[in-house]
Amino acid sequence: MTGVQTCALPICGFAHLGAMKALDERGIYPNVLAGTSAGSLAAVFYADGYIPDEIFAMLKEFRMRNFLETALPKEGFFRMTALSAFLDKHLRAKCFEDLKLPLYVVASDIELGRERIFSSGDLIAPIVASCSVPIVFAPVEIEQHYYIDGGVFMNFPVSVIRDLCHTIVGVNVSPLSTIKYDKSLKCIIERTMSYMVGANSKEERLKCDHLIESEELSHYSTFDFKHADEIYAKGYILASRYLDKHIIEAGNSDKKKQKPKSLLRRLLE
(Lines give C-alpha, C1' and ligand atoms only; values in the text may rest on other atoms or scores of the structure.)
Protein backbone atom coordinates (compact mmCIF):
# COMPACT_ATOMS: atom_id res chain seq x y z
CA MET A 1 0.00 0.00 0.00
CA THR A 2 1.26 3.47 -0.76
CA GLY A 3 0.52 7.03 0.33
CA VAL A 4 1.72 10.58 0.85
CA GLN A 5 2.89 12.38 3.94
CA THR A 6 2.85 16.14 4.21
CA CYS A 7 3.89 18.13 7.19
CA ALA A 8 5.28 21.61 7.65
CA LEU A 9 5.11 24.95 9.39
CA PRO A 10 2.76 27.45 7.70
CA ILE A 11 4.76 28.85 4.80
CA CYS A 12 6.40 25.54 3.98
CA GLY A 13 2.98 24.39 2.77
CA PHE A 14 3.67 26.28 -0.49
CA ALA A 15 6.89 24.34 -1.08
CA HIS A 16 5.15 21.07 -0.34
CA LEU A 17 2.44 21.88 -2.86
CA GLY A 18 5.17 22.39 -5.44
CA ALA A 19 6.61 18.98 -4.56
CA MET A 20 3.16 17.41 -4.78
CA LYS A 21 2.79 18.84 -8.28
CA ALA A 22 6.10 17.25 -9.32
CA LEU A 23 4.89 13.88 -8.03
CA ASP A 24 1.56 14.17 -9.83
CA GLU A 25 3.23 15.00 -13.13
CA ARG A 26 5.23 11.79 -12.89
CA GLY A 27 2.21 9.63 -12.21
CA ILE A 28 3.11 9.15 -8.54
CA TYR A 29 -0.15 9.26 -6.62
CA PRO A 30 -0.96 8.59 -2.95
CA ASN A 31 -3.30 6.05 -1.43
CA VAL A 32 -3.20 7.67 2.01
CA LEU A 33 -2.07 11.04 3.39
CA ALA A 34 -0.91 12.34 6.75
CA GLY A 35 -0.07 15.87 7.74
CA THR A 36 1.01 18.20 10.50
CA SER A 37 0.53 21.98 10.64
CA ALA A 38 0.39 23.56 7.16
CA GLY A 39 1.07 20.11 5.75
CA SER A 40 -2.36 19.09 6.99
CA LEU A 41 -3.82 22.10 5.19
CA ALA A 42 -2.24 21.07 1.89
CA ALA A 43 -3.14 17.42 2.47
CA VAL A 44 -6.81 17.98 3.26
CA PHE A 45 -7.44 19.85 0.01
CA TYR A 46 -5.54 17.21 -1.96
CA ALA A 47 -7.56 14.46 -0.26
CA ASP A 48 -10.70 16.43 -1.14
CA GLY A 49 -9.91 16.18 -4.85
CA TYR A 50 -8.11 19.48 -5.56
CA ILE A 51 -4.89 19.50 -7.59
CA PRO A 52 -1.76 21.32 -6.27
CA ASP A 53 -2.13 24.33 -8.59
CA GLU A 54 -5.72 24.86 -7.39
CA ILE A 55 -4.71 24.59 -3.73
CA PHE A 56 -1.83 27.01 -4.20
CA ALA A 57 -4.07 29.56 -5.93
CA MET A 58 -6.65 29.43 -3.12
CA LEU A 59 -4.13 29.77 -0.29
CA LYS A 60 -2.17 32.50 -2.05
CA GLU A 61 -5.33 34.53 -2.66
CA PHE A 62 -6.51 34.12 0.91
CA ARG A 63 -3.19 35.30 2.38
CA MET A 64 -2.07 35.21 5.98
CA ARG A 65 -3.84 38.38 7.09
CA ASN A 66 -7.18 36.77 6.28
CA PHE A 67 -6.41 33.84 8.58
CA LEU A 68 -6.03 36.07 11.57
CA GLU A 69 -8.48 37.47 14.07
CA THR A 70 -6.87 39.51 16.82
CA ALA A 71 -7.32 38.17 20.34
CA LEU A 72 -6.33 39.38 23.76
CA PRO A 73 -2.88 37.86 24.45
CA LYS A 74 -4.18 35.44 27.08
CA GLU A 75 -3.88 32.25 25.02
CA GLY A 76 -2.39 33.60 21.80
CA PHE A 77 -2.21 36.80 19.79
CA PHE A 78 -4.63 35.53 17.14
CA ARG A 79 -7.59 33.22 16.66
CA MET A 80 -8.08 31.15 13.54
CA THR A 81 -11.80 31.86 13.06
CA ALA A 82 -11.28 32.99 9.48
CA LEU A 83 -9.35 29.81 8.64
CA SER A 84 -12.28 27.74 9.88
CA ALA A 85 -14.62 29.75 7.65
CA PHE A 86 -12.23 29.35 4.70
CA LEU A 87 -12.14 25.58 5.11
CA ASP A 88 -15.90 25.38 5.55
CA LYS A 89 -16.40 27.35 2.32
CA HIS A 90 -13.96 25.44 0.09
CA LEU A 91 -13.90 21.88 1.42
CA ARG A 92 -16.52 19.65 -0.18
CA ALA A 93 -16.05 17.04 2.55
CA LYS A 94 -17.04 17.99 6.09
CA CYS A 95 -15.77 14.85 7.80
CA PHE A 96 -12.78 12.56 7.28
CA GLU A 97 -14.97 9.75 5.98
CA ASP A 98 -16.15 11.91 3.04
CA LEU A 99 -12.64 12.56 1.67
CA LYS A 100 -11.49 10.83 -1.52
CA LEU A 101 -8.32 9.61 0.24
CA PRO A 102 -7.71 8.51 3.86
CA LEU A 103 -6.16 11.35 5.84
CA TYR A 104 -4.37 11.41 9.22
CA VAL A 105 -3.93 14.79 10.92
CA VAL A 106 -1.63 15.40 13.89
CA ALA A 107 -2.33 17.95 16.64
CA SER A 108 -0.77 18.37 20.09
CA ASP A 109 -2.84 18.04 23.28
CA ILE A 110 -1.59 20.92 25.44
CA GLU A 111 -3.02 19.40 28.64
CA LEU A 112 -1.98 15.76 28.28
CA GLY A 113 1.34 16.63 26.67
CA ARG A 114 1.14 14.26 23.71
CA GLU A 115 0.16 14.11 20.07
CA ARG A 116 -3.25 13.00 18.88
CA ILE A 117 -3.95 11.54 15.46
CA PHE A 118 -7.30 12.54 13.92
CA SER A 119 -8.67 10.35 11.13
CA SER A 120 -12.44 10.26 11.61
CA GLY A 121 -15.31 12.58 12.46
CA ASP A 122 -15.34 16.34 12.06
CA LEU A 123 -12.69 17.55 9.63
CA ILE A 124 -12.23 21.28 10.09
CA ALA A 125 -11.38 21.62 13.80
CA PRO A 126 -8.44 19.16 13.69
CA ILE A 127 -6.95 20.96 10.68
CA VAL A 128 -7.19 24.33 12.42
CA ALA A 129 -5.73 22.84 15.61
CA SER A 130 -2.83 21.27 13.73
CA CYS A 131 -1.97 24.70 12.25
CA SER A 132 -2.19 26.62 15.55
CA VAL A 133 1.40 27.66 16.25
CA PRO A 134 1.64 28.17 20.06
CA ILE A 135 1.75 31.75 21.37
CA VAL A 136 0.87 33.09 17.93
CA PHE A 137 -2.53 31.34 17.81
CA ALA A 138 -4.93 30.38 20.57
CA PRO A 139 -5.44 26.63 21.21
CA VAL A 140 -8.43 24.93 19.58
CA GLU A 141 -10.96 23.09 21.75
CA ILE A 142 -12.04 19.65 20.54
CA GLU A 143 -14.08 17.32 22.75
CA GLN A 144 -13.14 19.26 25.90
CA HIS A 145 -9.41 19.10 25.15
CA TYR A 146 -7.21 21.91 23.86
CA TYR A 147 -4.90 21.42 20.91
CA ILE A 148 -2.02 23.33 19.32
CA ASP A 149 0.33 22.80 16.38
CA GLY A 150 1.03 19.11 15.77
CA GLY A 151 4.69 19.87 15.17
CA VAL A 152 5.28 20.32 18.89
CA PHE A 153 5.32 16.53 19.37
CA MET A 154 5.26 15.02 15.87
CA ASN A 155 6.21 17.30 13.03
CA PHE A 156 7.14 14.49 10.66
CA PRO A 157 4.62 11.71 11.34
CA VAL A 158 6.06 8.94 9.20
CA SER A 159 5.30 6.33 11.86
CA VAL A 160 1.59 7.21 11.68
CA ILE A 161 1.33 5.59 8.25
CA ARG A 162 4.53 3.53 8.04
CA ASP A 163 2.72 0.20 8.45
CA LEU A 164 0.20 1.18 5.77
CA CYS A 165 2.81 1.95 3.14
CA HIS A 166 5.18 0.12 0.87
CA THR A 167 7.34 3.16 0.07
CA ILE A 168 7.71 6.55 1.74
CA VAL A 169 9.41 9.50 0.09
CA GLY A 170 10.29 12.22 2.61
CA VAL A 171 10.75 15.84 1.52
CA ASN A 172 12.33 18.18 4.06
CA VAL A 173 12.18 21.69 2.63
CA SER A 174 13.39 23.47 5.75
CA PRO A 175 16.07 21.66 7.75
CA LEU A 176 17.67 23.75 10.49
CA SER A 177 20.16 26.38 9.39
CA THR A 178 22.04 29.11 11.23
CA ILE A 179 20.62 32.64 11.29
CA LYS A 180 21.47 35.94 12.92
CA TYR A 181 19.28 36.77 15.92
CA ASP A 182 17.34 39.96 15.17
CA LYS A 183 15.99 40.54 18.71
CA SER A 184 12.34 40.14 17.75
CA LEU A 185 9.47 38.07 19.14
CA LYS A 186 8.85 36.76 15.63
CA CYS A 187 12.42 35.43 15.44
CA ILE A 188 12.15 33.79 18.86
CA ILE A 189 8.88 32.04 18.00
CA GLU A 190 10.12 30.81 14.62
CA ARG A 191 13.44 29.51 15.92
CA THR A 192 11.86 27.86 18.96
CA MET A 193 9.38 26.01 16.76
CA SER A 194 12.14 25.06 14.33
CA TYR A 195 14.26 23.54 17.11
CA MET A 196 11.30 21.62 18.53
CA VAL A 197 10.19 20.16 15.22
CA GLY A 198 13.77 19.43 14.21
CA ALA A 199 14.36 17.44 17.39
CA ASN A 200 11.21 15.33 17.10
CA SER A 201 11.76 14.68 13.38
CA LYS A 202 15.12 12.90 13.68
CA GLU A 203 13.87 9.37 14.31
CA GLU A 204 10.91 9.80 11.99
CA ARG A 205 13.23 10.74 9.11
CA LEU A 206 14.95 7.36 9.41
CA LYS A 207 11.67 5.63 8.58
CA CYS A 208 11.59 7.09 5.05
CA ASP A 209 12.63 5.03 2.04
CA HIS A 210 13.67 8.19 0.18
CA LEU A 211 14.49 11.53 1.82
CA ILE A 212 14.72 14.80 -0.12
CA GLU A 213 16.28 17.68 1.81
CA SER A 214 17.47 21.19 1.04
CA GLU A 215 18.47 24.20 3.13
CA GLU A 216 17.53 26.54 0.28
CA LEU A 217 13.98 27.06 1.54
CA SER A 218 14.87 27.29 5.22
CA HIS A 219 15.88 30.94 4.81
CA TYR A 220 12.32 32.09 4.13
CA SER A 221 10.26 33.35 7.04
CA THR A 222 7.58 31.05 8.42
CA PHE A 223 4.89 33.64 7.60
CA ASP A 224 6.37 34.84 4.31
CA PHE A 225 3.44 35.01 1.89
CA LYS A 226 5.26 37.71 -0.10
CA HIS A 227 7.48 35.09 -1.76
CA ALA A 228 4.81 32.42 -2.20
CA ASP A 229 5.46 32.00 -5.93
CA GLU A 230 9.20 31.54 -5.39
CA ILE A 231 8.67 29.02 -2.62
CA TYR A 232 6.13 27.04 -4.65
CA ALA A 233 8.48 26.94 -7.65
CA LYS A 234 11.49 25.92 -5.58
CA GLY A 235 9.54 23.09 -3.95
CA TYR A 236 8.59 21.88 -7.42
CA ILE A 237 12.16 22.06 -8.74
CA LEU A 238 13.61 20.38 -5.64
CA ALA A 239 11.25 17.40 -5.91
CA SER A 240 11.51 17.18 -9.71
CA ARG A 241 15.28 16.88 -9.64
CA TYR A 242 15.22 14.16 -7.02
CA LEU A 243 12.41 12.19 -8.60
CA ASP A 244 13.95 12.28 -12.07
CA LYS A 245 17.26 11.05 -10.72
CA HIS A 246 16.22 8.50 -8.09
CA ILE A 247 12.65 7.41 -8.73
CA ILE A 248 12.08 7.52 -12.47
CA GLU A 249 15.57 6.29 -13.34
CA ALA A 250 15.28 3.49 -10.79
CA GLY A 251 12.00 2.43 -12.36
CA ASN A 252 13.64 2.30 -15.78
CA SER A 253 16.87 0.61 -14.72
CA ASP A 254 15.75 -2.65 -16.29
CA LYS A 255 15.28 -0.79 -19.61
CA LYS A 256 11.53 -1.35 -19.45
CA LYS A 257 9.34 1.69 -19.97
CA GLN A 258 6.69 1.41 -17.31
CA LYS A 259 4.48 3.90 -15.54
CA PRO A 260 5.77 4.67 -12.02
CA LYS A 261 3.82 2.91 -9.32
CA SER A 262 1.80 4.90 -6.83
CA LEU A 263 4.17 5.77 -3.95
CA LEU A 264 3.47 6.81 -0.38
CA ARG A 265 4.95 10.25 -0.40
CA ARG A 266 5.77 12.13 2.73
CA LEU A 267 6.48 15.86 2.76
CA LEU A 268 8.32 17.07 5.87
CA GLU A 269 8.67 20.33 7.74
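The set of residues from segment 130-162 being small (Gly, Ala, Ser) and in contact with a helix residue (DSSP H, G or I) (Cβ under 8 Å, 6 or more places away or on another chain) comprises Ser130, Gly150, Gly151, Ser159.
Here is a yes/no grid of residues against (1) open to solvent by 20 Å² or more (accessible area, probe 1.4 Å); (2) farther than 29 Å from Arg26 by Cα; (3) part of a helix (DSSP H, G or I); (4) at pLDDT below 95:
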site	(1), (2), (3), (4)
Pro126	no, yes, yes, no
Ile148	no, yes, no, yes
Val152	yes, yes, yes, yes
Phe156	no, no, no, yes
Arg162	yes, no, yes, yes
His166	yes, no, no, yes
Val171	no, no, no, yes
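In the set (1) farther than 30 Å from Ile247 by Cα; (2) at pLDDT 90 or above; (3) open to solvent by less than 10 Å² (accessible area, probe 1.4 Å), the condition left unmet by Val133 is number (2). So which residues in segment 31-57 are open to solvent by 10 Å² or more (accessible area, probe 1.4 Å), of a type outside the set (A, V, I, L, M, F, W, C) and more than 13 Å from the chain's Cα centre (by Cα)? Correct list: Asn31, Gly49, Tyr50, Asp53, Glu54. Among the residues here, Phe118 does not qualify as over 12 Å from Gly35 (Cα atoms) and either open to solvent by 30 Å² or more (accessible area, probe 1.4 Å) or not β-branched (Val, Ile, Thr) (or both). Of all the criteria given as (1) of a type outside the set (Asp, Glu); (2) closer than 28 Å to Ala125 by Cβ; (3) at pLDDT 65 or above, the one not satisfied by Ile212 is (2). The residues on offer are Phe86, Phe96, and the sole one that is aromatic (Phe, Trp, Tyr), touching a strand residue (DSSP E or B) at 6+ places or on another chain (Cβ under 8 Å) and buried (at least 19 other Cβ atoms within 10 Å of the Cβ) is Phe96.
A count restricted to segment 138-172 and to residues that are in contact (Cβ under 8 Å) with a residue 60 or more places away in the chain and under 17 Å from the mean Cα position of the chain (by Cα) stands at 15.
Here is a yes/no grid of residues against (1) among the aliphatic types (A, V, I, L, M); (2) modelled with pLDDT of 85 or more; (3) over 18 Å from the mean Cα position of the chain (by Cα):
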| position | (1), (2), (3) |
| --- | --- |
| Phe225 | no, no, no |
| Tyr232 | no, yes, no |
| Tyr236 | no, yes, no |
| Lys245 | no, yes, yes |
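The values are calculated or read from the model by the stated rules, or taken from the named source; none is laboratory data. Note that the structure is predicted; figures quoted are calculated from it, not measured. For neighbour counting, all protein chains shown are included, and Cβ atoms are generated from backbone atoms with ideal geometry for every residue, glycine included. The accessibility values were calculated without ligands, DNA or RNA, using every heavy atom of the protein model including side chains. Shrake-Rupley method; radii C 1.70, N 1.55, O 1.52, S 1.80 Å.
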